[in-house]
Amino acid sequence: MSYLEYNTRRMPAGLAKVLYVNWPLVALLILVASYGVVMLYSVAGGNLHPWAEPQLKRFAFGLVIMFVVAFVPLWLWRSISGLAYAVSVLLLLGVEFFGSVGMGAKRWLELGPLRLQPSELAKVTTIMALAAFYDWLDLKKTSRILWVVLATLIALVPTLLVLRQPDLGTAMLILLGGGVVIFASGVHWGYFAALIATGAGLVTAVLQSRGTEWQILKDYQYRRIDAFLDPTLDPLGAGYHINQSMIALGSGGWSGRGFMEGTQARLNFLPEKHTDFIFTTLAEEFGFVGASSLLILYMMVMGVCLLSALRSTSRFGALLIVGVTGTFFLYFAVNMAMVMGLAPVVGVPLPLVSYGGSAMIVLMVGFGLVQSAHIHRARLPS
Amino acid sequence: MKRTEREKEFSHRVISRRGLLLGGLQLGVAGTLLWKLRDMQLNQAEQFHLLAEENRINLRLLPPVRGLIYDRNGVLLAGNEQNYRVVMKRDDAGDIDLVLARLARLIGLSDEDIERARRDMLRNRPFVPVTVAERLSWDEISSVAANAPALPGVTPEMGLSRYYPLYKDTAHVVGYVGPVSERDLEALEAPDPVLMIPRFQIGKSGVERMQDDVLRGRAGSQRVEVNAVGRVMRELDRVEGTPGGNLHLTIDAKLQNYALERLHGQSAAAVVIDVPTGDILALASGPSFDPNLFVRGISSPDFSALLDNDHRPLVNKTVQGLYPPGSTFKMVTALAALEDAATDGRETVFCPGHMDVAGNRFHCWRRGGHGRVGMVAALSQSCDVYFYEMAQRCGIDKINAMSARLGLGIRYDLPITSVSAGLNPTRDWKRRNRNAEWLIGDTVNASIGQGFVLATPLQLAVMTARLASNKAVLPRLLRDPLERAEREVASLDLRPEWLRLIRRGMFETVNDQRGTAYSSRVVSEGQVMAGKTGTSQVFSITRAEREAGIRRQEDLPWNRRNHALFVDYAPADDPRVAVAIVVEHGMGGSSAAAPIGRDITLAALNGGTVPPLSAYPAPQRNRIRAEQIELEERLRPPEALRVSRA
């Protein structure tokens, strides 16, 4: 959608935009975030510090950002998509050369007092860039090989840069987020069949390369794979996280041990109890009722966004919504699968619930884009 | 790019189709997650819950307080002592070498102690407290507490450990405790989990071992919540254990002390039995040892010294020591002959100093012979030939039967370790063990308690008590504090006229001028005793030695000399105590054992105190007084034997 297409008569403008905000989505996001605040209060032993209060403030800030992003006309976002993408790739390169090391990985870029995690930014900008790309591209050329390769490259560049940090979880999210947009744009099936076959080959290569000179992943990543394949092998070492997580989760039962009664997390059997493993604490304290209700809430967010995408006549907007929600889905699906022992332990937080700044703000920016697409969708003729 | 309406329509259709497809895919994944969640939280919840509890809850055993052991009057024989110790945790200490060095300066640790503590700490998980030093004085523990800031991770603690306030007095009876060993655990069918507590102590010998299940008590438990590294966060609940039961022995600590000191310097045993009940009043085996050494963990030089001592302090000679009873066995032979009607007891036998049986010459201890002797004189003067004759008349089977009836060759069921059955040799025994037929010479040897016959001092005391009471007295070491009435003891059914002869013979042994123990007689009224001496051959003097000029026992090395034995009961007319004494290699029963027997008997009749001089014949009193003064210095002062139980 270009400015020329921007039909002021059919678009809400000014304060009227407030009426067109996707309010059910806002309500759902607040509900999800409140799960996070409650759980962070619990894992801190009934304390707003050190996690619950900052999380609450951050979410409030995130909501403000979301509305700001939402009220900006969609065509403006479309036109700066390429620039945003270029900036985030440059920042990723900056991390590669000037980044500071934390937890054995280079992820942060320190710009004066500001600590930036460009990999988080790249998640949104990659989706924006691809949505804009397909909006620009002639529909007939969508499945032409040259353009498919170009789209793939757009997704692959930030992915590889993040993978080098190394941050397997985020790299995967960027790649799959991009993949969702490419898929939604209508690229021919054959490419995806080929991709899956290639992926299978790559996995084999990764596993086969182990111990050789051209080993692809770091040792700790291989160990995580091992622990995933059989967590009981080394319950105190590599498989510890998954084992403890499964114990805590399973011991929750139907209705859980009760608020603040989760023993496993509070007694530090759970690693990263306030970040990646917060779902375990939820499942332990509120049982199946609490855990499944969060999953259902997430799926409702998905549903509301999908409806919005289906009703959007803007190609850019619809692709943007599908891309952002696809990434959102990957976040919680991978995280939940991880704590249930169905997926390897990769650092993927539970969206809007896990403690953590960058990821939440970036997600809220993403939902801001979704809202913007929703507000500025072309009214269907009534 | 400007799109036509058709293109827009197409784009919308494609995105809708693919979006719905993605949505369906996502719904499928979410469904899988939900299904897995349900499986874990509903179907396997119980299993995971159990795992979580195991993770979180740590059961700790609280060692029970060990039961106390008292003597018959309530004097404490085995107690629990407060024990100050210093424990240290690695994770709190930081630099353990530095802290240990400071601690060593404060309470004087040896390099060995430091090395052991270091090793224990590095071997255990960092939060496990390790005992660095035990049995510290109050001053030492206070200085550790005062310097706490300089000693991170170091905590002064108080525990209980076993101690034996009477030291060596009851070492062989009460025994001692020590740390549980692998062997101890293997010996038990279902070891109490409390035994797994580090440094928990178990009875290793004596009453401590045999009554361990009573004394041990039941462990309490404490459920604590631990975090992932095992640090205790809080106590969930606590079940106090049951302290071990207290035991009351029949031993009289005062008499026991006297008896042991009276044996001083000798390798000897003394047993005192209360005749009406069979209560063992004293069970002294000399030399003894300090059981407290074993509780603390005996040092190897100390232990070697005990092992290498030729007087064998670790052996409880009263129940474990096997001795040929010698002439103390003659009452058995005499009674066997009376029962067999082989003699009426008044008939006399001529003793020329020897007797030839089946081509072998058997000597009487008096080479010149006793002349004509009846049963009473044969007992009091200990004529061997008389018993050679009687044994041949009644035969070994009768002697075996009488021997068993008097309590020899039987293993008494006592709560102490290594109680021996002695040996009452029968024809059958010899066939089975020696693969040879019983010979008449064996009977002749057995008649005077030599040859194969072996008895423990306790058995000799029981025999004497049975002779004195005509009752089937059984020795008893544990007193039931609830038992008020005297025990009913079955009669032995020996004919009174037989026993009159035997008792007359034993009376004259001590109180007739020609009796072998006349010099050990008692003159005070109501305490006169009756007894029998015995001298049993350990090795006979060889021809070569005789030719080398060795004729007397004194010329032999100590360990080849004869054993000296004495049994007695007193008062002679109304027996209350029966006593048996064995002095290893004491050479002569009348010279070495009888005086000890007399003193211990008198002490038993006088409540365990040093006997009054008036009990002794006037000419002996000066010498005995001198002996008593020397003995009194060794005796435990009365305050050490105070009754501690109400």
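Worth a mention:
- Matching entry among A:48, A:74, A:56, A:83 (being loosely packed, with under 14 Cβ neighbours inside 10 Å, of a type in the set (A, V, I, L, M), farther than 20 Å from residue A:173 by Cβ and modelled with pLDDT of 80 or more): A:83
- Residue B:564 being closer than 24 Å to residue B:630 by Cβ and in a strand (DSSP E or B): yes
- Remark: pairs (first residue in the stretch A:176-196, farther than 14 Å from residue A:150 by Cβ and more than 10 Å from chain B (Cβ to nearest Cβ); second residue surrounded by 13 or more Cβ atoms within 10 Å (Cβ to Cβ) and among the hydrophobic types (A, V, I, L, M, F, W, C); Cβ separation under 6 Å; 6+ apart in sequence or on different chains) = A:176/A:330; A:177/A:127.
- Residue A:348 being part of a loop (DSSP other than H, G, I, E, B), away from chain B (no Cβ under 14 Å) and farther than 24 Å from residue A:78 by Cα: no
- Unmet criterion (only one of (1) over 21 Å from residue B:513 (Cβ atoms); (2) touching a residue at least 60 places away in the same chain (Cβ under 8 Å); (3) not small (Gly, Ala, Ser)) for residue B:356: (2)
- Among residues of the stretch B:357-386 being among the hydrophobic types (A, V, I, L, M, F, W, C) and in contact with a strand residue (DSSP E or B) (Cβ under 8 Å, 6 or more places away or on another chain), the one that is farthest from residue B:500 (Cα to Cα) is B:362.
- Residues that are in contact (Cβ under 8 Å) with a residue 24 or more places away in the chain number at least 3 in the following helices (runs of 4 or more DSSP H) confined to the stretch B:291-337: B:292-296, B:317-320.
- Residues considered: A:334, A:304. Of these, the only one that is farther than 15 Å from residue A:180 by Cβ and either buried (at least 24 other Cβ atoms within 10 Å of the Cβ) or in contact (Cβ under 8 Å) with a residue 40 or more places away in the chain (or both) is A:304.
- For beta carbons closer than 8 Å, sequence separation of 6+ or different chains, a first residue in the stretch A:69-90 that is under 13 Å from residue A:121 (Cα atoms) and a second that is in a helix (DSSP H, G or I) and polar (S, T, N, Q), the qualifying pairs are A:81/A:125; A:84/A:125; A:85/A:125; A:85/A:126; A:87/A:125; A:88/A:125; A:88/A:126.
- The stretch B:154-175, residues that are on the phi > 0 side of the Ramachandran plot and surrounded by fewer than 19 Cβ atoms within 10 Å (Cβ to Cβ): B:167
- Tally, over the stretch B:132-148, of residues that are within 18 Å of residue B:161 (Cα to Cα) and surrounded by fewer than 17 Cβ atoms within 10 Å (Cβ to Cβ): 3
- Whichever residue in the stretch A:310-331 is farther than 17 Å from residue A:133 by Cβ and in contact (Cβ under 8 Å) with a residue 24 or more places away in the chain and, among such residues, is farthest from the other protein chains (Cβ to nearest Cβ): A:331
- You will find that of B:169, B:120, the residue that is at pLDDT below 80 and more than 20 Å from residue B:63 (Cα to Cα) is B:120 and no other.
- Of the residues making up the stretch A:333-345, those that are facing chain B (nearest Cβ under 9 Å) and part of a helix (DSSP H, G or I) are A:333, A:336, A:337.
- Within the stretch B:246-274, considering residues that are hydrophobic (A, V, I, L, M, F, W, C) and surrounded by fewer than 24 Cβ atoms within 10 Å (Cβ to Cβ), the one nearest to the chain's Cα centre (by Cα): B:247
- Taking the numbered list (1) over 18 Å from the mean Cα position of the chain (by Cα); (2) within 14 Å of chain B (Cβ to nearest Cβ) in turn, residue A:131 passes all entries but (1).
- Among residues of the stretch B:408-465, those that are among the β-branched types (Val, Ile, Thr), surrounded by fewer than 19 Cβ atoms within 10 Å (Cβ to Cβ) and not in a loop (DSSP other than H, G, I, E, B), counted: 1
- Pairs meeting the criteria (first residue in the stretch A:267-296 and at the interface with chain B (Cβ under 10 Å from one of its Cβ atoms) and outside any helix (DSSP H, G or I), second residue at pLDDT 80 or above and surrounded by 19 or more Cβ atoms within 10 Å (Cβ to Cβ), beta carbons under 6 Å, at least 6 apart or on different chains) are A:270/A:248; A:270/A:277; A:270/A:280.
- Residue within the stretch B:180-200 that is crowded, with 21+ Cβ neighbours inside 10 Å and either on the phi > 0 side of the Ramachandran plot or touching a Gly at 6+ places or on another chain (Cβ under 8 Å) (or both) present: no
- Per-region count, the stretch A:297-309, residues over 27 Å from residue A:132 (Cβ atoms) and more than 9 Å from every other protein chain (Cβ to nearest Cβ): 2
- Listed here are the helices (runs of 4 or more DSSP H) enclosed by the stretch A:128-238 that have at least 3 residues being modelled with pLDDT under 80: A:219-229.
- Any chance residue B:444 is over 24 Å from residue B:384 (Cβ atoms), assigned by TED's automatic domain parsing to the domain that holds residue B:494, over 19 Å from the mean Cα position of the chain (by Cα) and of a type in the set (A, V, I, L, M, F, W, C): no
- Test: residue in the stretch B:424-434 that is within 22 Å of residue B:337 (Cβ to Cβ) and basic (Lys, Arg): yes
The values are calculated or read from the model by the stated rules, or taken from the named source; none is laboratory data. Just so it is clear, the structure is predicted and the values come from calculations on it, not from any experiment. Every residue, glycine as well, gets a Cβ built from its backbone with ideal geometry; the counts of neighbours run over all protein chains shown.
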